[in-house]
Amino acid sequence: MTSEYVTFGLAPAIRAGGVLADGAYQTHRDFLDFVVDGRPLLARLADLDAVSPLAADIGPSALAEQVRRLLLEAEAPLEGGRRVIYGCPECEGLECGAVTAVVERDGPDVVWRDFVWQTGDTPDVERDGYHDIGPYRFRGEQYRAALKRLLTADGAPAPEVPTGPRALLIGQRAAVLAKLAAALRTIGIGAEITLDAVGAHADELRKYGAVVFGRTVRPGECDAVRDAFAAARSDAVCVTALAPIVPLLVAQVEQALDRTPHDRRRLLGLTAVAGGAEAVVEVASACRVRLAAHRLDRLSRPHAHELFDTVLAPGTHHIPLDPRAVRGRSFLTARTSDAVRVTPVDRWRQAPGGLRFGPSGD
């Protein structure tokens with residue numbers, strides 16, 4: 001067993017929700033990730049879409065139980081002293097698969113070992129084990145202090161526990177905003193619609209993490225709302241709706257809600273080369289990336305196309321785009337398990353002499 005110590009900590013993280021190109025919904029989850037030697041543990045699992053048991057939406061009593069399990073104050077729920085480290089973000093069923101590990105005391109220390117992908121009562125460590133992860137030895141005092149900070153004396157969540165996100169939608173196109181609000185609520189993001197937020201109480205404004213301006217909201221009205229949020233000392237991110245495409249707007253909200261520090265982000269950037277020939281995706285560490293295109297045709301009907309879905313190595317990647325998927329007014333979304341990025345596709349190309357030419361049709 002390892003004798004080298006590693007540090008233990010916790011950091012806010014999200015599992016990005018959204019409406020996928022095939023119409024499926026993906027739930028937004030806020031949770032605390034485990035930070036081992038200064039690096040989020042989930043980032044070491046390149047293609048895993050999962051959350052830790054320390055989620056914001058499970059309720060105070062359930063959260064307290066999860067903390068007690070990690071503190072070894074409650075019995076392990078699985079055979080062999082195994083505890084769930086990461087589970088399905090959509091349900092609690094082990095049949096969906098979970099990363100489990102043996103969590104045990106070794107003198108004053110706590111050790112996590114034998115990480116495995118588990119879908120039944122008895123895992124096959126040789127076949128499904130993560131042999132390049134762990135074992136980790138934590139100093140007991142540091143380990144317990146980090147976890148006990150999550151609970152107050154009465155068992156309620158402490159301030160370190162993230163709370164559910166909310167978005168404020170501003171505009172007059174009720175049909176589009178109503179569909180967006182419904183989609184956001186479906187994936188776990190609170191959403192309200194208003195014509196104007198100026199004059200609202202500061203405490204109410206501070207509850208929102210994102211503000212979406214409909215395309216009918218005039219610049220002066222947007223400035224007044226921004227001033228109101230600034231006066232309330234809110235850190236909400238304001239965005240203008242790119243197009244009346246609900247999956248695209250949901251992705252904009254998710255991007256606006258992302259508060260992950262830059263040095264802990266896996267998806268660093270998404271741009272489209274002028275002319276729509278290729279997308280440029282930048283990732284900090286190996287992760288699964290899904291790229292989709294959204295566009296409006298000449299009749300303003302939305303279309304979605306899945307373009308790319310694979311694990312990318314760290315670095316900058318140039319991905320050719322199908323011209324049929326990005327013709328007309330189009331946009332790209334890049335998605336990992338913990339982040340979403342959105343960019344418009346500039347279909348115009350620069351010609352000699354400074355002239356600009358664009359596509360002639362839909």
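The values are calculated or read from the model by the stated rules, or taken from the named source; none is laboratory data. Keep in mind that what you see is a predicted model, and the values were worked out from it rather than measured. As a convention, Cβ positions derive from the backbone with ideal geometry for all residues, glycine included, and neighbour counts pool all protein chains shown. What goes into the accessible areas is simple: the full protein's heavy atoms, side chains included, and nothing from ligands, DNA or RNA. Shrake-Rupley method; radii C 1.70, N 1.55, O 1.52, S 1.80 Å.
H303 - would you say it is under 21 Å from the mean Cα position of the chain (by Cα) and surrounded by 13 or more Cβ atoms within 10 Å (Cβ to Cβ)?
Answer is no for this residue.
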Checking E141 against (1) in a helix (DSSP H, G or I); (2) modelled with pLDDT of 95 or more; (3) over 19 Å from D57 (Cα atoms); (4) assigned by the TED database to the domain that holds V225, which test does it fail?
(4)
State all residues of region 42-58 that are part of a loop (DSSP other than H, G, I, E, B) and either open to solvent by less than 40 Å² (accessible area, probe 1.4 Å) or outside the structural domain of I14 (by the TED database) (or both); if no residue qualifies, say none.
L45, A46, L48, A50, S52, P53, L54, A56
Specify the residue that is nearest to the chain's Cα centre (by Cα); the eligible residues are those in region 77-116 that are under 23 Å from Y5 (Cβ atoms) and in a loop (DSSP other than H, G, I, E, B).
P108
Selection from region 285-300 of residues that are touching a strand residue (DSSP E or B) at 6+ places or on another chain (Cβ under 8 Å) and buried (at least 16 other Cβ atoms within 10 Å of the Cβ):
A286, C287, R288, V289, R290, L291, A292, A293, H294, R295, L296
Just to verify a result, which residue in region 59-76, among those that are without any contact (Cβ under 8 Å) to a residue 40 or more places away in the chain and part of a helix (DSSP H, G or I), is farthest from D124 (Cα to Cα)?
A62
Kindly indicate whether R39 is touching a strand residue (DSSP E or B) at 6+ places or on another chain (Cβ under 9 Å), of a type in the set (K, R) and not assigned by the TED database to the domain that holds Q255.
no
Residue that is modelled with the lowest pLDDT [pool: residues in region 94-111 that are open to solvent by 20 Å² or more (accessible area, probe 1.4 Å) and closer than 19 Å to L42 by Cα]
L94
Can you tell me how many residues in region 222-248 are of a type in the set (K, R) and either free of Cβ contacts under 8 Å to residues at least 12 places away in the same chain or touching a strand residue (DSSP E or B) at 6+ places or on another chain (Cβ under 8 Å) (or both)?
1
Unique residue being under 19 Å from L20 (Cβ atoms), open to solvent by 20 Å² or more (accessible area, probe 1.4 Å), assigned to a loop (DSSP other than H, G, I, E, B) and touching a Leu at 6+ places or on another chain (Cβ under 9 Å) when the list is D322, D309:
D322
Report yes if S300 is at pLDDT below 95, under 26 Å from V176 (Cβ atoms) and assigned to a loop (DSSP other than H, G, I, E, B), otherwise no.
yes
Take A62 and tell me if it is hydrophobic (A, V, I, L, M, F, W, C), open to solvent by 30 Å² or more (accessible area, probe 1.4 Å) and within 24 Å of the chain's Cα centre (by Cα).
yes
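If you check P359 against the conditions, is it of a type outside the set (D, E, K, R), in contact with a Gly (Cβ under 9 Å, 6 or more places away or on another chain) and at pLDDT below 95? Show your work before the answer.
Values: of a type outside the set (D, E, K, R): yes; in contact with a Gly (Cβ under 9 Å, 6 or more places away or on another chain): yes; at pLDDT below 95: yes.
Spelling it out, P359 is indeed of a type outside the set (D, E, K, R), in contact with a Gly (Cβ under 9 Å, 6 or more places away or on another chain) and at pLDDT below 95.
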